[in-house]
Amino acid sequence: MAKRLFDILFSLGWLIAFSPLLLLVALLVRLRLGSPVLFIQERPGKDGRPFRMVKFRTMTDARDAAGNLLPDTERLTPLGRFLRASTLDEFPEMWNVLRGEMSVVGPRPLMMRYLPRYNAFQRRRMEVLPGVTGWAQVNGRNALSWDEKFALDVWYVDHRSLWLDLRIVVLTFFRVFARSGIDHGPDHTMPEFMGDGH
């Protein structure tokens with residue numbers, strides 16, 4: 001109950017306080033990338049239940065001659081790279097927190113297609129609500145291997161508390177400011193998770 005109250009107060013205050021910045025980013029995305037401004041994708045929530053996660057769009061819809069989308073690295077724009085590196089693209093996720101689909105702190109929601117690839121240990125990350133930031137994010141983020149990321153996520157599940165959440169929130173601000181553990185190659189993304197054989 002305390003965690004949910006914290007999530008509501010934090011996300012509501014965040015959306016109100018940063019509303020001018022959210023509007024500015026939305027305008028820049030609209031001018032540079034066109035519509036839609038928001039990127040909405042189904043992700044697994046607690047216990048694997050799907051929800052629609054909201055982020056700012058960072059890539060174009062560029063396609064090849066056959067009509068297929070180009071690789072992410074070719075569709076990611078300089079603005080998109082900046083939004084990802086600064087985590088500004090994730091600011092709209094506070095709406096998901098306010099709705100109770102996410103928490104401020106928790107394991108980051110990954111792709112729906114990863115669900116059947118998890119082993120029993122990795123699946124434990126879904127015992128809690130996914131978060132905007134998390135223990136893995138303040139301990140390396142995309143610079144981590146998948147094994148390290150899952151180990152940190154499960155550690156959080158076993159040790160979660162309101163005080164740990166507050167610590168992670170504070171560390172997140174320092175990590176983002178220092179741009180520590182942000183990049184994983186030129187596209188600021190993790191490689192595809194393929195299961196135990198990754």
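Here are a few things to note about the model shown:
- For Arg99, solvent-accessible area (1.4 Å; no DNA, RNA or ligand), Å²: 140
- Sequence of Lys149, Lys46 when ordered by accessible area, the most exposed leading, probe 1.4 angstrom: Lys46, Lys149
- Mean separation of Cα contacts under 8 Å, 6 or more apart, over the residue count of the chain: relative contact order %: 21
- Heavy-atom accessible area, probed at 1.4 angstrom with all protein chains present, ranks Arg49, Arg117 as Arg49, Arg117, highest first.
- Label-point separation, Ala65 to Ala85 (7 Å along Cα→Cβ), nm: 3.4
- Residue-by-residue Karplus 3J(HN,Hα) for the range 13-21, coefficients 6.51, -1.76, 1.60, Hz, glycine and proline x: x, 4, 5, 6, 5, 9, 4, x, 5
- Summed side-chain charge close to Ala62 - residues other than Ala62 whose Cβ falls under 11 Å, Lys, Arg +1, Asp, Glu -1: -2
- Under 5 Å from the amide H of Gly131 lie the amide H atoms of Ser103, Gly106, Arg108, each residue being 5 or more positions distant or on a separate chain, with H modelled from the backbone and absent for Pro and chain starts.
- Fraction of antiparallel bridges per DSSP, the chain only, in percent to nearest 5: 80
- Length-normalised contact order for the range 28-98 - Cα pairs under 8 Å, 6+ apart - percent: 29
- Gain upon complete extension [Arg113, Glu148; 0.36 nm per residue less C-alpha separation]: 10.6 nm
- When DSSP beta bridges are restricted to pairs lying wholly in the range 41-149, around 75% turn out antiparallel.
- Within the accessible area of the chain, the carbon and sulfur atoms contribute 63%, probe 1.4 Å, all protein chains present.
- Exposure check, 1.4 Å probe, all protein chains in place: Asp196 carries approximately 110 Å² of accessible surface.
The values are calculated or read from the model by the stated rules, or taken from the named source; none is laboratory data. Predicted model only: the values in this text are computed from it and were never measured. Here the Cβ is made from the backbone with ideal geometry for all residues, glycine too, and neighbour counts use every protein chain on show. SASA here: full protein model, heavy atoms, side chains in, ligands and nucleic acids out. Shrake-Rupley method; radii C 1.70, N 1.55, O 1.52, S 1.80 Å.
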